[in-house]
Amino acid sequence: MSLRVHSVAVAQHHVIPLAHGGAGLAFLVAASVLLTRAAPALARGEWGAPAVVGAVHAFTLGWLLTLIIGTLYQLGPVALQVAPRSSRLWRWLLPAHSLGVVAVVWGVSVGRLHDAAHGWAVLSVVTTASAIVLLGPWRAPESTRARMRLVTLGFVSLAGVLVLAALRLVWGWRGFMPDLSGLRLAHIAFGLSGFGTLIAWAVGSHVIPMFLGVREEPSRTGLAIPVLLRGGTALLLPAVLPALSSLRPVAVLAIACGQLLIVWRALRWFRGGPKLAWDPALCTVAMAFTALAGATVLQLALATASLAGLLLPAHVATQRAIAVWGVLFLAGWLSLLIVGVLFRVFVFLSWMVRSGPGTQPVVGAPVRVQQYARPTLAWASVVLYAIALVSLPTAIALGHPGASRVSALTYVAATVLMSLHHVLAIFAPARAVAASTSRPALTLATSS
């Protein structure tokens with residue numbers, strides 16, 4: 001398996017992505033544990049229960065947001081060709097970000113909304129500072145400006161999430177926004193689609209084809225995906241008003257169409273590349289796209305039923321369907337996509353740690369990273385994730401609280417093994433691995 005990493009003149013030191021990766025992994029373990037606490041409520045269709053809301057925010061703010069910021073520090077100079085404005089400010093931002101996440105998760109989990117509001121305020125300041133450090137489409141060259149623009153728009157959507165959440169918690173919208181279901185839908189869509197999926201597409205459409213040895217060419221499909229994702233989420237803003245609630249299923253359908261196009265592009269990537277040996281990274285990424293496909297089909301069914309007047313929002317079956325969608329989208333699509341990428345990233349960071357600060361790779365020189373991987377741990381994690389990804393939505397759909405909790409525990413076990421793999425990749429002695437022509441070394445090369 002080979003991977004070509006395109007370097008730029010100034011490479012980021014490994015400490016920044018390692019710090020964010022370590023914090024993100026800690027939050028993912030915590031989110032997985034909270035998922036076991038929330039699983040019985042999900043099986044009862046109570047997806048708005050405090051336990052569920054706490055787990056969701058641990059996944060989104062603790063795991064996804066932390067990793068996205070760390071990824072931009074590392075891949076910004078590579079995939080976007082935009083260097084951070086500061087390489088020191090993160091030492092203050094990351095601890096403050098972590099405290100804000102803990103405050104939000106704790107507050108929404110136990111019903112202390114004032115604590116959660118304080119956490120949202122901290123996250124608003126920290127995330128704004130991180131965006132200023134990392135973003136700026138005008139700083140990107142023409143070749144990557146469109147991708148940087150999408151990442152920036154993703155952070156704009158995140159700003160909308162933060163503002164809506166803060167206003168909801170502090171003032172409660174009393175007398176101003178009586179229909180909280182529309183506000184909640186907009187909050188979810190802006191976070192998972194407008195931010196998470198849009199940035200996953202902006203960065204993933206560069207990284208995943210590179211993993212598979214294919215070239216992502218500009219296409220109408222690639223242009224339509226962000227339009228549908230952004231258009232659908234934007235349409236939900238006026239739809240928070242009760243008088244315009246009929247726009248909600250239309251917006252959900254638009255977002256679902258964008259997601260279907262992402263799945264279709266992924267199928268072309270996997271089918272169009274050279275025949276590669278399936279490793280844990282590729283298998284996990286494939287599971288993520290499979291979860292997105294399942295969530296999108298369910299999303300289309302719910303939106304179509306709503307348009308046809310057949311949806312019963314208060315029925316337990318509808319509530320369980322929404323819970324299944326959330327698990328597939330958040331614990332499946334967005335989380336496992338990052339997990340799959342990290343299987344590649346952490347073994348490469350191992351080489352950076354051992355090479356020492358400031359070491360520059362020799363252009364075209366092979367760097368064998370298999371010696372830092374632990375295949376048994378990685379495959380065990382992948383298998384457990386696959387089991388959890390099938391069993392947990394099934395148990396929720398069937399309404400079995402006990403089975404849901406057991407399935408969630410499987411997800412916890414997979415996360416612990418994955419985290420242990422990365423810890424060993426960084427700190428354990430390298431393994432002796434014989435050179436193989438069938439699995440060439442990682443090659444580092446510059447690219448125009």
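The values are calculated or read from the model by the stated rules, or taken from the named source; none is laboratory data. Just so it is clear, the model here is predicted, and its values are computed rather than measured. As a convention, Cβ positions derive from the backbone with ideal geometry for all residues, glycine included, and neighbour counts pool all protein chains shown.
Here are the numbers for this structure:
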item	result
Selection status of SER350, polar (S, T, N, Q), modelled with pLDDT of 95 or more and part of a helix (DSSP H, G or I)	no
Residue check, ALA224 closer than 29 Å to ALA186 by Cα, surrounded by fewer than 20 Cβ atoms within 10 Å (Cβ to Cβ), free of Cβ contacts under 8 Å to residues at least 24 places away in the same chain and not charged (D, E, K, R)	no
Wholly enclosed helices (runs of 4 or more DSSP H) of the range 43-156 bearing at least 2 residues surrounded by fewer than 16 Cβ atoms within 10 Å (Cβ to Cβ)	90-110, 113-134
Failed item in (1) under 16 Å from LEU342 (Cβ atoms); (2) modelled with pLDDT under 90, with PRO77 passing the rest	(1)
Filter result for ALA425 (at pLDDT 85 or above and part of a helix (DSSP H, G or I))	no
Out of SER205, SER181, sole residue that is modelled with pLDDT of 85 or more and under 21 Å from LEU330 (Cβ atoms)	SER205
Condition check for SER335: of a type outside the set (Phe, Trp, Tyr), in contact with a Pro (Cβ under 7 Å, 6 or more places away or on another chain) and either part of a helix (DSSP H, G or I) or crowded, with 20+ Cβ neighbours inside 10 Å (or both)	no
Subset of the range 311-325 [outside any helix (DSSP H, G or I) and at pLDDT 85 or above]	HIS315
In the range 232-246, residue nearest to LEU185 (Cα to Cα) [restricted to those that are among the hydrophobic types (A, V, I, L, M, F, W, C), modelled with pLDDT of 85 or more and buried (at least 19 other Cβ atoms within 10 Å of the Cβ)]	LEU236
Qualifying residue in the range 86-107 (condition: of a type outside the set (Phe, Trp, Tyr), modelled with pLDDT of 90 or more and farther than 28 Å from VAL151 by Cα)	yes
Contacts under 7 angstrom Cβ, first residue in the range 62-87 being of a type in the set (S, T, N, Q), partner modelled with pLDDT of 90 or more and not in a loop (DSSP other than H, G, I, E, B), 6 or more apart	THR66/HIS20; THR66/ALA23; THR66/GLY24; THR66/PHE27; THR66/HIS97; SER86/VAL133
THR304 among the hydroxyl-bearing types (Ser, Thr, Tyr), surrounded by fewer than 22 Cβ atoms within 10 Å (Cβ to Cβ) and assigned to a helix (DSSP H, G or I)	yes
Residues satisfying the stated conditions in the range 243-270, i.e. of a type outside the set (Val, Ile, Thr), out of contact with any Pro (no Cβ under 7 Å at 6 or more places or on another chain) and farther than 30 Å from LEU282 by Cα	ALA243, SER245, SER246, ARG248, PRO249, ALA251
Any chance PHE289 is modelled with pLDDT of 95 or more and closer than 28 Å to ARG374 by Cβ	yes
All positions within the range 133-161 that are touching a Lys or Arg at 6+ places or on another chain (Cβ under 7 Å) and within 21 Å of LEU64 (Cα to Cα)	VAL133, LEU153
Any hit, the range 274-283, residues being part of a helix (DSSP H, G or I) and of a type in the set (A, V, I, L, M)	yes
Selected residue [surrounded by fewer than 17 Cβ atoms within 10 Å (Cβ to Cβ), under 20 Å from the mean Cα position of the chain (by Cα) and more than 20 Å from LEU192 (Cβ to Cβ)] from LEU282, LEU267, LEU212	LEU267
